Amino acid sequence: MLLENVKTALEALFGNRLRSVLTLLGVVIGVFAVTTTISMGAIATAGITSELQDFGSQSLFVVVDFDNPQAQRFNDDDIEALSRLPIDILQQQSTGGEIRFEEESSSISLNGTTANAAEVDRTLELDRGRYFSQADEKNAAPVIVLSSDASQELFGDTVDPVGKEVAVSFGDGSRVFYTVIGVKKRIGGALGAFANDVSGDIPLTTFYNDVPGVTRGEYDFLPITIDLDRNANDIEAQVRAILDRRRGSDTYTIQTIEGALSLFNTITRILQAVLGGIGAISLLVGGIGILNIMLVSVTERTREIGLRKALGAKRGTILQQFLIEAVVLTVIGGLIGVLLSIGVLYLIVAAVPFLDRVIISPAVILMAFGVSVITGVIFGVWPASRAANLSPIEALRYE
Amino acid sequence: MENVIEARDITKVYTLEGGLEVHALRGLDLKVARGQYAAIMGPSGSGKSTLLQILGCLDTPSSGSYQLAGQEVSELSEDELSEIRNKRIGFIFQSYNLLPRATALQNVALPLMYRGTSAKERLQIATKSLERVGLSSRMDHRPNQLSGGQKQRVAIARALATDPDILLADEPTGNLDSKTGVEILGLFQELHEEGRTILMVTHEEDVAEHCEKIIRIKDGRVEQVQEVEQRRLAEFTGAIP
Ligand SMILES: Nc1ncnc2c1ncn2[C@@H]1O[C@H](COP(=O)(O)OP(=O)(O)OP(=O)(O)O)[C@@H](O)[C@H]1O
Ligand SMILES: [Mg+2]
């Protein structure tokens, strides 16, 4: 009898293809929307988090707290004291200025740094040319390595910047000329895509010679790179211990990627809640679609139920038929929705560079599936159950 | 002779939405002997369809006793009623009541499914049943591809498929022209000669005169049961348009 009823249910589904397809569509939309939106949130979060971790794990950024009038700039003795830890410290100074090449100009952030920055900063890679050398640093050579954005601003895509001479002017009106010797690669992935980084690196010695109003051997901030095999938290604690002893705990702050990540996590959690909300609404829309189809066909189906009962069908048999119909439809619809969603997610991940893998949580699929099967079954079986409670003649007379 | 139908003091009250009560049957008594071929006549609204539906176990009386082949129907459960409808009764609706999306063959085979007949046997029986009513050339037609007379014959074939001993027909010729109607009556004649009990509601005196008896209903009661003096005979030729 069960097998017969499966056949009956399938016949009924094929018999009214339009109704079946429309119901199916409701389920597909609901499952697809929920799975896709929620998974998209998870994929984006994972992509950006891993990006941030690649970029910033094992690094600290120690900044003088200028809100505290007692705070002093870091000096070479501080660097000396810290350098016994398994870390690399960049001596670096920054200032703002205006850079010009022929007719093109742009404001720029100019960094004076040491030649070993190319090895210490793990995110630094060159697109063309070279980084400045120990010799350049020693001679305070007038050379500059531009960021990708800076090169783009001044030279566009067509001109090769290497070897060109650019002019940099400072706040007090003084002006110097540098030869471009290299261009950095754009920082990969999400961060690079969002950050607009118009900057140039020059040797620290050159910086001290050219930039007005800086004192040699004093630093506003210290970029620290921790050896990869060390625990970042331990090292951070040791850095603090040394700096607290030397300068006092309230004269500086340490920025870590974990801090940035926790802010970012809050944002993505909101993002996921919003996406989940959209998914839930789509699920509701799909559900209402199913309900609509069921209600529209209830007259025809009530008569069908009346007729089947008149011909000898028992209530249980009828409910079983409608249950099978609903389950077949919602399961097929759910499968289509999930497959469609997986396909779309793979396409998106392939198309967007900083998303690196498709994450589809079984819980999300189960939830989407569960909700749509339940809607389908409730909306499919509930009217049938009501109709099956009528006497055959009442059901046949239904309008 | 054994009474296959014994109804005593049957009432049926319909309650309308406003609370208004319609007394369709008001203490009706009826006995029908096995093998009888009887017409039910009466003015419109006198309760003929209501009676037939109760006799066919499609509806239950508000009060009274109805014994079908010696069994008290009011004591039966829903599912037992389904079984009775399936095994004992062939009901022919005035409006045919065919499944619109199923073929003639599928429609005729449908009641057999609810008694557990195998799919193969169902097809055989349904085919025979359709041949019996002269529709072998229309097996795969859907109801909307059939004429009124053909639909009526599909409905009859469906009622016959389960080989019931009671046939109940509500105005089986009501929608048909007189020539087609006579063909249907010819078919009923044959079925009667096979020994089936047939009750048929009709408005037309000359249709009723094909039966052995005429049961006259008025105001929800049996007014008169009358023998037909000169029975008309109809012949089934199978030539229904
Ligand atoms: N479902 C219903 N709800 C309310 N009243 C009904 C219902 N069905 C029938 N009636 C009423 O019951 C009475 C008997 O109806 P029934 O259909 O049995 O009459 P009938 O003798 O078959 O008439 P006709 O010859 O016109 O078919 C009528 O007054 C009708 O209005
Ligand atoms: Mg009637």
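The values are calculated or read from the model by the stated rules, or taken from the named source; none is laboratory data. On a predicted model such as this, the values are computed, not experimentally measured, just so you know. Because the Cβ atoms are built from the backbone with ideal geometry, glycine has one as well, and the counts that use them run over all protein chains shown. Each accessible area value is taken on the protein alone, full model and side chains, heavy atoms only, with ligands, DNA and RNA left out. Shrake-Rupley method; radii C 1.70, N 1.55, O 1.52, S 1.80 Å.
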At the level of C-alpha centres, the distance separating the range A:94-123 and the range B:30-85, in angstrom, is 100
Chain B - percent of accessible surface contributed by carbon and sulfur, probe 1.4 Å: 44
Take the alpha carbon atoms of the range A:311-361, find their center, do the same for the range A:146-179, and report the distance between the two centers in whole angstrom. 57
Specify the angular offset, from 0 to 90 degrees and rounded to the nearest 10, of the alpha carbon long axis of helix A:298-310 from the longest principal axis of the alpha carbons in chain A. 40
Straight-distance crosslink candidates among lysines, where the alpha carbon sits under 30 Å from A:Lys184 and sequence neighbours closer than 8 are dropped: A:Lys138, A:Lys164
Compute for the range B:75-225: radius of gyration divided by Kirkwood radius, i.e. Rg/Rh, restricted to C-alpha atoms, rounded to two decimals. 0.98
Calculated FRET efficiency, A:Arg386 and A:Ala46, Cβ-Cβ r, R0 35 Å, to nearest 0.05? 0.15
Helix-only estimate, please: 222 nm mean residue ellipticity of chain A, summing -39500 (n - 2.57) across DSSP H runs of length 4 or more and dividing by its residues, to the nearest 500. -19500 deg cm²/dmol
Give me the Kirkwood hydrodynamic radius of the range A:301-399 in Å, from all C-alpha pairs, to one decimal place? 15.8
Give or take rounding to whole Å, what are the principal axis extents of the alpha carbon atoms in the range A:227-307, in descending order? 92, 27, 15
Cross-chain or 8 or more residues apart, Cα under 22 Å: how many lysine pairs in the range B:85-217 fit that? Count them up, please. 5
Hey, got a sec? Which trypsin sites (Lys or Arg not before Pro) in the range B:59-135 land in a DSSP loop and have at most 15 other Cβ atoms within 10 Å? B:Arg115
Find the sum over both chains of the accessible area lost when B and A are paired, probe 1.4 Å, and report it in Å² to the nearest 100. 2200
If you take every DSSP beta bridge fully contained in the range A:58-256, what fraction is antiparallel? Give it as a percent rounded to 5. 80
How big is D, in µm² s⁻¹, for the range A:58-256 by Stokes-Einstein at 37 °C and 0.692 mPa s if Rh is the Kirkwood radius over C-alpha pairs? 184
1.4 Å probe accessible area per residue over the protein assembly as shown, in Å²: 47
Expected vector for the range B:169-176, Karplus 3J(HN,Hα) from phi with 6.51, -1.76, 1.60 and θ = phi - 60°, integer Hz, x for Gly and Pro, equals 10, 9, 6, x, 9, x, 9, 10
Rounded to the nearest 10, the angle in degrees between the Cα long axis of helix A:232-247 and the longest principal axis of the Cα atoms of chain A comes to 40
What do you get for GluC sites (Glu not before Pro) in the range A:1-102 restricted to DSSP loop and a cutoff of at most 16 other Cβ within 10 Å of the site's Cβ? A:Glu102
Measuring from a point 7 Å past the Cα of A:Arg130 along Cα-to-C-beta, which residues in the range A:140-173 have an amide N at less than 16 Å? A:140-146, A:162-164
Chain A, Rg to Rh (Cα coordinates; Rh as Kirkwood inverse mean 1/r): 1.26
Relative to the longest principal axis of chain A, what angle (0 to 90°, nearest 10) does the C-alpha long axis of helix A:17-56 take? 20
Counting DSSP beta bridges with both ends in the protein assembly as shown, the antiparallel % (nearest 5): 70
Accessible carbon and sulfur surface of the range A:261-399 relative to its total accessible area, %, 1.4 Å: 74
Which distance in Å, rounded to a whole number, links the C-alpha centroids of the range A:370-390 and the range A:61-84? 71
